[in-house]
1. Of (1) of a type in the set (S, T, N, Q); (2) touching a His at 6+ places or on another chain (Cβ under 8 Å); (3) outside any loop (DSSP other than H, G, I, E, B); (4) surrounded by fewer than 18 Cβ atoms within 10 Å (Cβ to Cβ), Ser65 satisfies all except one. Which?
2. Out of all the residues in segment 106-164, which are among the polar types (S, T, N, Q) and exposed (fewer than 14 other Cβ atoms within 10 Å of the Cβ)?
3. Just checking, how many residues over segment 349-367 are among the charged types (D, E, K, R) and either free of Cβ contacts under 8 Å to residues at least 40 places away in the same chain or within 9 Å of Ile202 (Cβ to Cβ) (or both)?
4. Can you pull out the residues in segment 170-190 that are assigned to a strand (DSSP E or B) and buried (at least 18 other Cβ atoms within 10 Å of the Cβ)?
5. Would you mind stating whether Val198 is in a strand (DSSP E or B) and either small (Gly, Ala, Ser) or in contact with a Lys or Arg (Cβ under 8 Å, 6 or more places away or on another chain) (or both)?
6. Are there any pairs with C-beta distances below 8 angstrom linking a residue in segment 292-314 that is more than 12 Å from Ile15 (Cβ to Cβ) to a residue that is assigned to a helix (DSSP H, G or I) and among the charged types (D, E, K, R), with the two at least 6 apart or on different chains, and if so which?
7. So Pro193 ticks every box in (1) crowded, with 16+ Cβ neighbours inside 10 Å; (2) touching a residue at least 24 places away in the same chain (Cβ under 8 Å) but one. Which box is left unticked?
8. Can you tell me which residue among Thr328, Thr347 is in contact with a Lys or Arg (Cβ under 8 Å, 6 or more places away or on another chain), surrounded by fewer than 17 Cβ atoms within 10 Å (Cβ to Cβ) and part of a loop (DSSP other than H, G, I, E, B)?
Amino acid sequence: MSGIGVITADGRAAIARTFHTLVLQPTSFCNLDCTYCYLPDRQSRRLMTVPVAAESARSVKEQASPYPVSVVWHGGEPTTTPLDTFRELLAPFEKLRQAGQVRHEIQTNATLINQRWCDLFTAYEFEIGVSIDGPGALNRNRLDRAGKSTTARTIRGIQALAEAGLPYSVICVVTPETIDQADDLIDFFTNLPGCRSVGFNIEEQEGAGRTPVSEEAAYRFWHQLVQRRIDGSPLPIRDLDRLADYLTATRAGLVDDAPYEPIPTISWDGHVVLLSPELLGIKDPQYGDFVAGNVLHEPIGDILARAGNLRYVTEFIAGLNECADHCTFYDFCRGAQAGNRYFEHHTFTARETNYCRTTRQALVRATANHLAS
């Protein structure tokens, strides 16, 4: 099959041939050793080189997107990159940023953030995401390499952001140990200085060998979050807001039929994987290393143009077809994430995942039950 394929008989592209999100891995190294982490190369200190960043920027420029491309600096822990090196990696994007063609984002554990990092974030207008799972014992899965708590260090980094006037969003991983602590989590994030929103990621099966959160527990969690919103909680919650936006658009007759975002993710050495950043660094006897190409050898646009020849991409499209044809949640969910299909089922054709049930279906059911009461 040439190109990227179709999801329906009318010939619409299943996966976009342009990208609005570009994930860059300046290093796979992480200074933490979280109990649920799946990254295989988080002890490697190899760093992205300027030529990789420059070719990535060239690919953004060549596709001439009508929308700003979100350049997401992810890891590993991106702030383990020496700050001067990180600044060099930003340089190839600067003309594009000033022209409004890119915007920078970073996802960080915040343990290393200081005034110098805050100055860089300010200068390049970063959107900042902080990873913390709650207060005290609720953050117990986020440990350093000596097995010690990282909560105080993350809070210190958050305070540095707040003092610099830099707002940030939070990603909180909700685990079987914390799934019944919705009230404590809401209270903590509501009072966290500078926090503009929180997204709750129900812990996913990504190779860590942990027991997944049950659908019933996830339902209770979302039900309580919706109740707190109804009771007047001012905390913006990504997941509830996404559902509210979907319902508003549906009432207005606006149907989201946009193709699936390819999410090109570029490793420190220029390798490109598609569909899910979580596939970077993974090796599998069926799918190989998931590498679709290397940005040092060809632009991302060329890689996307022949992505339909990759087994995992064609299987994912088949899975999306199944979701679109059979799942009543599809219009909201838009199909299970590629990484979840793979890590849960070791295939991309699976129609339903635990991620679907706990993060999408349980949320919709909990909200619907509130609306019906």
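The values are calculated or read from the model by the stated rules, or taken from the named source; none is laboratory data. Remember, predicted model here, so these are calculated numbers, not experimental data. All Cβ positions, even for glycine, are placed from backbone atoms using ideal geometry, and neighbour counts span all protein chains on display.
1. Every condition holds for Ser65 apart from (3).
2. Applying the first criterion (among the polar types (S, T, N, Q)) to segment 106-164 yields 107-109, 111, 114-115, 122, 131, 139, 141, 149-151, 154, 159.
If the condition is that a residue be among the polar types (S, T, N, Q) and exposed (fewer than 14 other Cβ atoms within 10 Å of the Cβ), then Asn114, Gln115, Thr122 are the ones that fit.
3. First, the residues of segment 349-367 that are among the charged types (D, E, K, R): 351-352, 357, 360, 365.
Checking the rest, the ones that are also either free of Cβ contacts under 8 Å to residues at least 40 places away in the same chain or within 9 Å of Ile202 (Cβ to Cβ) (or both) come to 351-352, 360.
Residues flagged as among the charged types (D, E, K, R) and either free of Cβ contacts under 8 Å to residues at least 40 places away in the same chain or within 9 Å of Ile202 (Cβ to Cβ) (or both) within segment 349-367 amount to 3.
4. Initial filter on segment 170-190 (assigned to a strand (DSSP E or B)): 170-174.
Correct list: Val170, Cys172, Val173, Val174.
5. Details: in a strand (DSSP E or B): yes; either small (Gly, Ala, Ser) or in contact with a Lys or Arg (Cβ under 8 Å, 6 or more places away or on another chain) (or both): yes.
So Val198 fits the description; yes.
6. Gly293/Asp302; Val295/Glu55; Leu296/Glu55; Pro299/Glu55; Pro299/Arg58; Pro299/Glu62; Gly301/Glu62
7. (1)
8. Values: Thr328 fails: in contact with a Lys or Arg (Cβ under 8 Å, 6 or more places away or on another chain).
Among Thr328, Thr347, only Thr347 is in contact with a Lys or Arg (Cβ under 8 Å, 6 or more places away or on another chain), surrounded by fewer than 17 Cβ atoms within 10 Å (Cβ to Cβ) and part of a loop (DSSP other than H, G, I, E, B).
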